[in-house]
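Data first, discussion second: the structure below is written as structure tokens.
The values are calculated or read from the model by the stated rules, or taken from the named source; none is laboratory data. Please read all numbers here as calculations on a predicted model, not as lab measurements. Note that we place each Cβ from the backbone using ideal geometry, even for glycine, and neighbour counts take in every protein chain shown.
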Amino acid sequence: MKDVLRLEFRKLKRQKSFYICTGIMLALLLLSAISCNMTNNLYEDIMNSTLMDDAMGEGFATEYYSLYTVIDMLISAVSSGTLVLLAAIFVSIAVCDDYSQHTIKNIYARGYTRTQVFFAKAIYVLVTASVMFIVALLFSFLTGLIFFDMGSADGGKLAVLLIAQYVAFLANVSIFFLISILFRRIGASVAVNIVGSMVVSLILSLIDLLIMFKTENYEDSFSVSEYWVDSFIGDLSDLTVDNSRIISCVVASAVYIALALLIGWRFHRKTEVK
């Protein structure tokens, strides 16, 4: 197992998709920070304007809060969707590359089993995606320090949310990995991982609406989309989210990870290499 793992991670040096996706992610996060900073400055100008003083009374401008803070940048680094989208592209390329170039036969020719190859690829994908996650958080934190005030938040709650976001992110990555294992073609995997997720979210939202219309009390209606992996990171980016929701997101994410790996492993064992 160590040898096949070493073989997988050796590819990282020439895996241009990893560096390209990470670079694009950082560029988009930087643009987002700059945009938020411009919004903050505009908001400050409005609050300090004489018209606002006339409307709200003198001294009002000293009471407003900044729209964005370092904490906001940190907690929204993953929820913006940029990281998940680029992770979908990277995972599709990383998994399908051996199949597209027919080099997977050379790996099996060395005597490695299907189980060893499958889990080596899974570990490689999860580890490299984790690196992207950590880089996104660190970069967002640093750009936040440059442009914004620190802000305030419960340190313990913030740490729990970031850990929960990480588990939810791995759940997304695991599903991307499963889709890539099933299709084994870069183009098809990228398309299904990106568009397929949107389609599922749309269908579940329509189901939620149907359930809501048939329920007398809308607030008590059951939401199917709350248990779809796409909704987890967004909910976990709110510092006011309930602890029960955090627990349900983490537990559901763990179930998604386990199911994705189990289904992918069983499929990989039975599929012939072409």
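Filtered by the rule that a residue be surrounded by 14 or more Cβ atoms within 10 Å (Cβ to Cβ) and either among the hydroxyl-bearing types (S, T, Y) or outside any helix (DSSP H, G or I) (or both), the stretch 248-272 gives S248, S253, Y256.
Quick one: which residue in Y108, Y112, Y99 is modelled with pLDDT under 95 and outside any helix (DSSP H, G or I)? Reasoning before the result, please.
Working: Y108 fails: outside any helix (DSSP H, G or I); Y99 fails: outside any helix (DSSP H, G or I).
Every option except Y112 fails the conditions.
None of F141, F118, F147 is touching a Phe, Trp or Tyr at 6+ places or on another chain (Cβ under 6 Å) and not hydroxyl-bearing (S, T, Y) except F118.
Here L145 passes the criteria (1) part of a helix (DSSP H, G or I); (2) free of Cβ contacts under 8 Å to residues at least 40 places away in the same chain; (3) closer than 24 Å to N41 by Cβ except the one numbered (2).
Comparison of V160, V84, V95 shows that the only residue that is within 30 Å of I247 (Cβ to Cβ), in contact with a helix residue (DSSP H, G or I) (Cβ under 6 Å, 6 or more places away or on another chain) and not small (G, A, S) is V84.
The residues of the stretch 100-114 that are out of contact with any helix residue (DSSP H, G or I) (no Cβ under 6 Å at 6 or more places or on another chain) and charged (D, E, K, R), listed by number, are K105, R110. Of the set (1) assigned to a helix (DSSP H, G or I); (2) among the hydrophobic types (A, V, I, L, M, F, W, C); (3) surrounded by 14 or more Cβ atoms within 10 Å (Cβ to Cβ), all apply to A77 but (1).
Taking the stretch 188-203, which residues are over 14 Å from I175 (Cβ atoms) and β-branched (V, I, T)? Lay out the reasoning, then the answer.
Taking the stretch 188-203 and keeping what is over 14 Å from I175 (Cβ atoms), we get 188, 191, 202-203.
The answer is I203, and nothing else.
Filter the stretch 166-188 down to the residues that are at pLDDT 95 or above and farther than 15 Å from L261 by Cβ, then identify the one that is surrounded by the fewest Cβ atoms within 10 Å (Cβ to Cβ). Restricting to residues being at pLDDT 95 or above and farther than 15 Å from L261 by Cβ, the top hit is Y166. Does the stretch 205-227 include one or more residues that are touching a Phe, Trp or Tyr at 6+ places or on another chain (Cβ under 6 Å) and either among the aromatic types (F, W, Y) or under 30 Å from S17 (Cβ atoms) (or both)? For the stretch 205-227, residues touching a Phe, Trp or Tyr at 6+ places or on another chain (Cβ under 6 Å) and either among the aromatic types (F, W, Y) or under 30 Å from S17 (Cβ atoms) (or both): absent. Do we find that D54 is modelled with pLDDT of 55 or more and acidic (D, E) in this structure? No, not satisfied. Is it fair to say S223 is on the phi < 0 side of the Ramachandran plot, touching an Asp or Glu at 6+ places or on another chain (Cβ under 9 Å), outside any helix (DSSP H, G or I) and small (G, A, S)? It is true that S223 is on the phi < 0 side of the Ramachandran plot, touching an Asp or Glu at 6+ places or on another chain (Cβ under 9 Å), outside any helix (DSSP H, G or I) and small (G, A, S).
Restricting attention to the stretch 235-247, which residues are in a helix (DSSP H, G or I) and surrounded by fewer than 14 Cβ atoms within 10 Å (Cβ to Cβ)?
Within the stretch 235-247, N243, S244, I247 meet the criteria.
If we scan the stretch 162-175, do we find a residue that is in contact with a Leu (Cβ under 8 Å, 6 or more places away or on another chain), in a helix (DSSP H, G or I), farther than 30 Å from F222 by Cβ and not β-branched (V, I, T)? Within the stretch 162-175, not a single residue is in contact with a Leu (Cβ under 8 Å, 6 or more places away or on another chain), in a helix (DSSP H, G or I), farther than 30 Å from F222 by Cβ and not β-branched (V, I, T).
Is it fair to say V91 is crowded, with 18+ Cβ neighbours inside 10 Å and modelled with pLDDT of 95 or more?
Numbers: crowded, with 18+ Cβ neighbours inside 10 Å: yes; modelled with pLDDT of 95 or more: yes.
Considered against the rule, which asks whether it is crowded, with 18+ Cβ neighbours inside 10 Å and modelled with pLDDT of 95 or more, V91 comes out as yes.
Does V125 count as under 22 Å from K270 (Cβ atoms), buried (at least 19 other Cβ atoms within 10 Å of the Cβ) and aliphatic (A, V, I, L, M)? When the stated conditions are applied, V125 passes them. Looking across I104, I75, one residue alone is hydrophobic (A, V, I, L, M, F, W, C) and either farther than 23 Å from Q15 by Cβ or free of Cβ contacts under 8 Å to residues at least 24 places away in the same chain (or both). It is I75.
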